[in-house]
Amino acid sequence: MLFNFESIHPQNSASVVANLWTAACGPDLAISPRFAEYNMRPTTGALQAGQLALQGSQPVGFVLTSAVIDNPALQAGWIDAIAVLPDCQKQGIGNALLAWAEEWLAHQKCARFRLGGSLRPFTPGLPSELDSEPFFRNKGYNGQPGLAGKFDWDVARDLSTLEISDSKFQIPNLTIEPGRPGQEDALLGFLKREFPGRWLFEFTEFLREQGRLSDYMLLWTENGVDGFARLTLEDSERPIERFYMHRLPRPWGQVGPLGVSQACRGKGYGAALIDAALRHLRHTGIRGCVIDWTSLVDFYAKFGFAPYRKYAMLTKKATSNQ
């Protein structure tokens with residue numbers, strides 16, 4: 001097949017990207033133009049570039065890639081998304097798109113390339129249901145350094161069966177409730193102190209996008225904010241489609257990330273925070289619920305969650321000739 005490349009322009013490519021992704025990945029991983037547009041918005045301190053593969057004037061594939069090069073806590077390069085129409089696969093298009101993305105990342109001085117998991121992720125990693133792991137392993141992508149296993153998971157449950165009359169996780173002198181306007185600095189200070197990397201970055205972007213603070217559950221002790229859990233609803237600042245909940249009953253809700261201060265760990269505060277977040281979602285009528293991007297499958301099973309989607313977490317080290 002003869003094809004040529006054309007640069008992706010975020011302002012007019014969202015529908016094309018969404019259509020190509022959905023056609024390549026199937027209805028269970030379908031996305032909308034709104035989601036594609038959100039993932040191609042400018043992100044503070046990050047660069048993004050992409051290419052469309054065209055047969056004549058018809059788009060048949062795309063790749064998006066991004067890099068952070070001026071933030072030591074986030075310095076990385078990602079293959080954000082890559083997709084080729086099913087009828088056009090195994091004809092060299094995916095190879096060419098991936099090679100272009102790797103060359104672009106190497107030009108940004110990225111020492112390692114990661115599949116998925118970018119600052120505005122299409123997926124945390126490579127969805128195992130796509131059966132494309134052999135293709136990427138053949139291209140030099142392997143398990144992510146420092147991880148105990150090669151997979152992460154989304155877990156899910158229907159909250160309509162959650163009992164909300166009595167909590168099993170009552171802790172004295174602990175308050176857990178949705179954030180309110182005016183509490184931004186308290187959460188910002190907590191994240192700077194306890195989680196100064198990606199979670200702090202995500203919250204500053206959330207504020208820049210004018211997200212509502214009630215999408216963060218805050219855990220308060222006598223010391224102030226000592227924990228948080230981020231929530232995503234169908235009308236939240238970030239599209240809930242990011243969690244691919246099509247198989248779950250609506251209304252949808254999502255929990256994560258979540259964390260408590262070092263001083264609070266090992267005391268049941270994390271379990272109390274999860275319980276409070278789930279009870280809050282249940283109270284507001286949420287049914288299908290996902291906790292995404294985790295390796296703690298057994299832990300979340302205690303809250304009624306079961307494996308929902310599996311991701312291979314793959315990276316590749318840049319070579320000297322790239």
By residue number, the members of the range 36-70 that are surrounded by fewer than 16 Cβ atoms within 10 Å (Cβ to Cβ), under 25 Å from Leu200 (Cα atoms) and among the polar types (S, T, N, Q) are Thr44
Out of all the residues in the range 228-250, is one or more assigned to a helix (DSSP H, G or I), touching a strand residue (DSSP E or B) at 6+ places or on another chain (Cβ under 6 Å) and in contact (Cβ under 8 Å) with a residue 24 or more places away in the chain?
yes
Does Ala186 qualify as being at pLDDT 95 or above and part of a helix (DSSP H, G or I)?
yes
Residue under question is Gln91, and the condition is that it be open to solvent by 60 Å² or more (accessible area, probe 1.4 Å), at pLDDT below 95 and at negative phi; does it hold?
yes
What's the number of the condition Val60 fails, among (1) modelled with pLDDT of 95 or more; (2) of a type outside the set (Ser, Thr, Tyr); (3) over 22 Å from Lys139 (Cα atoms)?
(3)
Can you work out which of the residues in the range 219-260 that are open to solvent by 40 Å² or more (accessible area, probe 1.4 Å) and acidic (Asp, Glu) is nearest to Trp153 (Cα to Cα)?
Glu234
Please work out which residue is modelled with the lowest pLDDT, limiting yourself to the range 106-133 and to residues that are in a strand (DSSP E or B) and either among the hydrophobic types (A, V, I, L, M, F, W, C) or open to solvent by 30 Å² or more (accessible area, probe 1.4 Å) (or both).
Arg112
Show me the strands (runs of 3 or more DSSP E) found entirely inside the range 261-322 where at least 1 residues are among the charged types (D, E, K, R) and open to solvent by 40 Å² or more (accessible area, probe 1.4 Å).
306-312, 314-317
If the requirement is being farther than 20 Å from Ala76 by Cβ, out of contact with any Cys (no Cβ under 8 Å at 6 or more places or on another chain), of a type outside the set (D, E, K, R) and at pLDDT 95 or above, which of these qualifies: Ile171, Ile176?
Ile176
Buried (at least 22 other Cβ atoms within 10 Å of the Cβ) and touching a residue at least 60 places away in the same chain (Cβ under 8 Å): which single residue out of Phe151, Phe169, Phe190, Phe136 fits that description?
Phe190
Do we find that Gly256 is assigned to a loop (DSSP other than H, G, I, E, B) and either acidic (Asp, Glu) or out of contact with any helix residue (DSSP H, G or I) (no Cβ under 7 Å at 6 or more places or on another chain) (or both) in this structure?
no
Can you spot a residue in the range 23-35 that is part of a loop (DSSP other than H, G, I, E, B) and crowded, with 21+ Cβ neighbours inside 10 Å?
yes
Considering only the range 203-243, state which residues are among the hydroxyl-bearing types (Ser, Thr, Tyr) and in contact with a Leu (Cβ under 7 Å, 6 or more places away or on another chain).
Tyr216, Thr221
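The values are calculated or read from the model by the stated rules, or taken from the named source; none is laboratory data. For clarity, every value in this text was computed on a predicted model and none was experimentally measured. All Cβ positions, glycine included, derive from the backbone under ideal geometry; neighbour counts span all protein chains shown. The accessibility values were calculated without ligands, DNA or RNA, using every heavy atom of the protein model including side chains. Shrake-Rupley method; radii C 1.70, N 1.55, O 1.52, S 1.80 Å.
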